[in-house]
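Each remark here refers to the structure printed beneath this line.
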Amino acid sequence: MAVTRTFSIIKPDATRRNLTGAVTKALEDAGLRVVASKRIHMTNEQAGGFYAVHKERPFYNDLCAFMTSGPVVVQVLEGEDAVKLNRDVMGATNPADAAEGTIRKLFAESIEANSVHGSDSDENAAIEIAFFFKPEEIVG
Ligand code: CMP
């Protein structure tokens, strides 16, 4: 399996509870390497654009409000089949469905405040990485 990259967000519910290190440790323990990282406060334009694929969903406005409610940490992660590896360690979107030991089972508060985002495909990973990072900000 090839070494690939994925995009991750540590969401406002996790930064608010000072869990940036705990979440990053879980990612690293799973075999992922942080090759870019920055703490930002997303603008409405960034959140709306990033989640544009969900624009017609009933939770879109609440999701954008939540993602701009506090700081987030956007990261590029590298590892063997990074998209799948990251999704495995994140656990199911809804923490009620997340497996034991996953980040969302350990830390998420709700389906909205679910502590982390991770890309769902290599194609979307490339798009999402480019949304937040310049190539020179990624140091593998
Ligand atoms: P994320 O991986 O960031 O992608 C879209 C987000 O929408 C998802 O995680 C959830 O946090 C959020 N969300 C809020 N409500 C729902 C819902 N009912 N179904 C799916 N996702 C939801």
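The values are calculated or read from the model by the stated rules, or taken from the named source; none is laboratory data. Bear in mind the structure is a predicted one, so any value in this text is a computation, not a measurement. Every residue, glycine among them, receives a Cβ derived from its backbone with ideal geometry; neighbour counts consider all protein chains shown. Remember, those area values only see protein heavy atoms, side chains included, never the ligands or the DNA or RNA. Shrake-Rupley method; radii C 1.70, N 1.55, O 1.52, S 1.80 Å.
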In debye to the nearest 20, how big a dipole does the chain give about its Cα centre with +1 on each Lys and Arg Cβ and -1 on each Asp and Glu Cβ? 400
Of GLU128, GLU109, ordered by accessible area with the largest first and a 1.4 Å probe, the sequence is GLU109, GLU128
Ignoring ligands, DNA and RNA, please state the percent of accessible area on the chain from carbon and sulfur, probe 1.4 Å. 52
Tell me, what is a quarter of the convex hull surface for the C-alpha atoms of the chain, in nm² with one decimal? 7.8
Once you have the Cα-Cα distance between ARG57 and GLU109, take 0.36 nm times their residue separation minus that, and quote the gain in nm to one decimal. 16.7 nm
Hydrodynamic radius of the range 1-73 per Kirkwood, over alpha carbon pairs, in Å: 13.6
Compute the normalised compactness of the range 60-140: alpha-carbon radius of gyration over 2.2 N^0.38 Å, N being the residue count. 1.15
Count neighbours as other Cβ atoms within 10 Å of each site's Cβ, and list the trypsin sites (Lys or Arg not before Pro) in the range 25-60 that are DSSP loop with at most 14 such neighbours. LYS55
If you count only protein heavy atoms with a 1.4 Å probe, what accessible area per residue comes out for the chain, rounded to a whole Å²? 52
